[in-house]
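Peer 1: Can you read through this structure? Questions will come right after.
The values are calculated or read from the model by the stated rules, or taken from the named source; none is laboratory data. Keep in mind that this is a model prediction, so the values were computed, not measured. All Cβ positions, even for glycine, are placed from backbone atoms using ideal geometry, and neighbour counts span all protein chains on display.
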Amino acid sequence: MWKAAIAVGAVVLAVGAATAATVADDPIEARQTLMKNVGSAMQVAGNMARGETEFEPRAAHMAMRTINSSIIGAMELFPEGTDSGDTRALPEIWDNMDDFLAKAEALREASQAAIDAEPQDLDSFRPLVADVGNNCSACHEDYRRPED
Amino acid sequence: MSGRLLVIAFVGLATAGAVAFWLVSAPQPLTADALPSHEPDAERGRYVFFATGCAGCHATPDQDDPLHLGGGRELDTPFGVFRVPNVSSDPEAGIGEWSDVEFVNAMMRGVSPRGRHYYPAFPYTTYQRMAPEDVLDLKAFLDTVPAVDTGIGGHDLAFPFNVRRGVGVWKLLNLDGQPFEADPELDETAQRGAYLVEAMSHCGECHTPRDMLGGLDHDRWLAGAANPAGEGRIPNITPHADGIVDWSERDIVYALETGFTPEFDTLGSSMARVVSNTSELTDEDRQAIAAYLKAVSPLSDAR
């Protein structure tokens, strides 16, 4: 039961440290760490939603909290001039910053809704995860470069 | 004297060449009597609409309704810029006035109602394999979608690609007009998947590399390709270490339903639009696609 929750907690701690160290001098690395954090939380949430692992309300809650706090942080980490280098962020982000931030805000709201709902069973958790997932895709569709 | 003969011979050859080009490049539409007698079902057509992925290109960009089919997306390719047409039911700007046979010719022969070739950015080399009944059901559904009256401008293509008759020659190599035939080695589920992938969902149009003339290289089926619309590569989706051999059928089904990879990264860029279609399919059909993708030849990423 606690394994999933501990996994998320460990990720959050690791990211907290990494972010503090790099946010000032390397926003690209910092936002990538936050995005990996979102991915790890999504793995915990998604595996429960898929029925690969057993639903556990506390793990679900921590996963959504991780996504929520990570996206709030990531929204601050796309300053002008960080569209080149080791990044899959597309230049379109800076041409459409309002839309980009609106999409990030939509993910924040979806994850907040999943926190506030305090789902206690898989059936109520599933649509909340789907909504969070759709908001991940909505932004990646327009603003992330395909992998090489 | 011999100079004049040479000129005459040259003009004669050039004329013969032009006539030959004109003859072999002519559009080859079907006639109405080639259609099966079929009572079209718009509700089934709605399903065909998502299986064939029409909205992926024809839905107007920067809005969320897959049935707002006003077109207007611009495909920036090495050949030039293609502007995706309006396929809403509008009689002027869209295709609302088209007859059944006109629609079948567009989908399965790449020929417009005015008898001109469509460019193969429109994947009719895939749709030629569809059952005509499916195409007619799709037509019945498209007749019910809202009219959008936005006119779309023409393509901006470089010479020689702006010569539409050139497409006629290309079709001699890439459009055989043969119906779908299931590989008898495959089980029933994978055969259904083969029909979905090869005749409808047109996965190969991006995931299979093209030869020098822009035709699909069938020896490299689904082995990944250059991104036709920009940077990066379209991934290898064969069951090879360079492809998705590590994905279980369940992983493929889940990705097509939700857009998440087994690592819970999202399928981004144009695949996000594809997932908005595959998420509308039945779970059985997503399983069929997965079974088929597990059964195709494993190929490496060799470029």
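Peer 1: What number of residues within region B:254-272 satisfy the criterion of being outside any loop (DSSP other than H, G, I, E, B) and surrounded by fewer than 21 Cβ atoms within 10 Å (Cβ to Cβ)?
Peer 2: 2
Peer 1: From the set of residues in region B:273-288 that are hydrophobic (A, V, I, L, M, F, W, C) and part of a helix (DSSP H, G or I), which is surrounded by the most Cβ atoms within 10 Å (Cβ to Cβ)?
Peer 2: So, considering only residues that are hydrophobic (A, V, I, L, M, F, W, C) and part of a helix (DSSP H, G or I), the one surrounded by the most Cβ atoms within 10 Å (Cβ to Cβ) is B:Ala288.
Peer 1: Let me ask you something else. State all residues of region B:12-50 that are surrounded by 15 or more Cβ atoms within 10 Å (Cβ to Cβ) and among the aliphatic types (A, V, I, L, M); if no residue qualifies, say none.
Peer 2: If the condition is that a residue be surrounded by 15 or more Cβ atoms within 10 Å (Cβ to Cβ) and among the aliphatic types (A, V, I, L, M), then B:Leu30, B:Leu35, B:Ala42, B:Val48 are the ones that fit.
Peer 1: Let me ask you something else. Out of (1) surrounded by fewer than 18 Cβ atoms within 10 Å (Cβ to Cβ); (2) over 14 Å from A:Glu29 (Cα atoms); (3) at pLDDT below 95, the odd one out for A:Leu90 is which?
Peer 2: (1)
Peer 1: So, one more: Among the residues of region B:209-224, how many are away from chain A (no Cβ under 14 Å) and either within 13 Å of B:Ala302 (Cβ to Cβ) or of a type in the set (Lys, Arg) (or both)?
Peer 2: Qualifying residue count, region B:209-224: 6.
Peer 1: Scan region B:59-68 and give yes if some residue there is without any contact (Cβ under 8 Å) to a residue 40 or more places away in the chain and within 18 Å of the chain's Cα centre (by Cα), otherwise no.
Peer 2: Yes, that holds for at least one residue.
Peer 1: Another one. Would you confirm whether or not region A:86-101 contains a residue that is closer than 24 Å to B:Glu257 by Cβ, in a helix (DSSP H, G or I) and within 14 Å of chain B (Cβ to nearest Cβ)?
Peer 2: No - not one qualifying residue is present in region A:86-101.
Peer 1: Further question on the same structure: Within region B:259-287, how many residues are in contact with a strand residue (DSSP E or B) (Cβ under 9 Å, 6 or more places away or on another chain), more than 7 Å from chain A (Cβ to nearest Cβ) and touching a residue at least 24 places away in the same chain (Cβ under 8 Å)?
Peer 2: Total meeting the criteria: 1.
Peer 1: Hey, another quick one. Could you tell me which numbered condition B:Ser297 fails, if it satisfies all but one of (1) within 14 Å of chain A (Cβ to nearest Cβ); (2) out of contact with any Lys or Arg (no Cβ under 7 Å at 6 or more places or on another chain); (3) of a type in the set (Gly, Ala, Ser)?
Peer 2: So the condition that B:Ser297 fails would be (1).
Peer 1: Only residues that are part of a helix (DSSP H, G or I) and either hydroxyl-bearing (Ser, Thr, Tyr) or touching a residue at least 60 places away in the same chain (Cβ under 8 Å) (or both): list them for region B:1-33, please. Spell out the reasoning first.
Peer 2: Our first condition is that a residue be part of a helix (DSSP H, G or I); within region B:1-33, this holds for B:2-24, B:32-33.
Once the filter is applied, which keeps residues that are part of a helix (DSSP H, G or I) and either hydroxyl-bearing (Ser, Thr, Tyr) or touching a residue at least 60 places away in the same chain (Cβ under 8 Å) (or both), region B:1-33 yields B:Ser2, B:Thr15, B:Phe21, B:Trp22, B:Val24, B:Ala32.
Peer 1: While we're looking at this one, here's another question. Condition check: closer than 14 Å to A:Pro146 by Cβ, among the small types (Gly, Ala, Ser) and in contact with a helix residue (DSSP H, G or I) (Cβ under 7 Å, 6 or more places away or on another chain). Does B:Gly224 satisfy that?
Peer 2: yes
Peer 1: Next question, about the same structure. Among the residues of region A:125-148, what is the count of those that are more than 9 Å from chain B (Cβ to nearest Cβ) and surrounded by fewer than 15 Cβ atoms within 10 Å (Cβ to Cβ)?
Peer 2: Residues in region A:125-148 being more than 9 Å from chain B (Cβ to nearest Cβ) and surrounded by fewer than 15 Cβ atoms within 10 Å (Cβ to Cβ): 1 in total.
Peer 1: Turning to a different aspect of this structure: Kindly provide the set of residues from region B:176-185 that are modelled with pLDDT under 95 and hydrophobic (A, V, I, L, M, F, W, C), ordered by number.
Peer 2: B:Ala182
Peer 1: Another question about this same structure. Which one is surrounded by the fewest Cβ atoms within 10 Å (Cβ to Cβ) among residues in region B:225-252 that are at the interface with chain A (Cβ under 10 Å from one of its Cβ atoms) and outside any loop (DSSP other than H, G, I, E, B)?
Peer 2: Within region B:225-252, the match that is surrounded by the fewest Cβ atoms within 10 Å (Cβ to Cβ) is B:Arg250.
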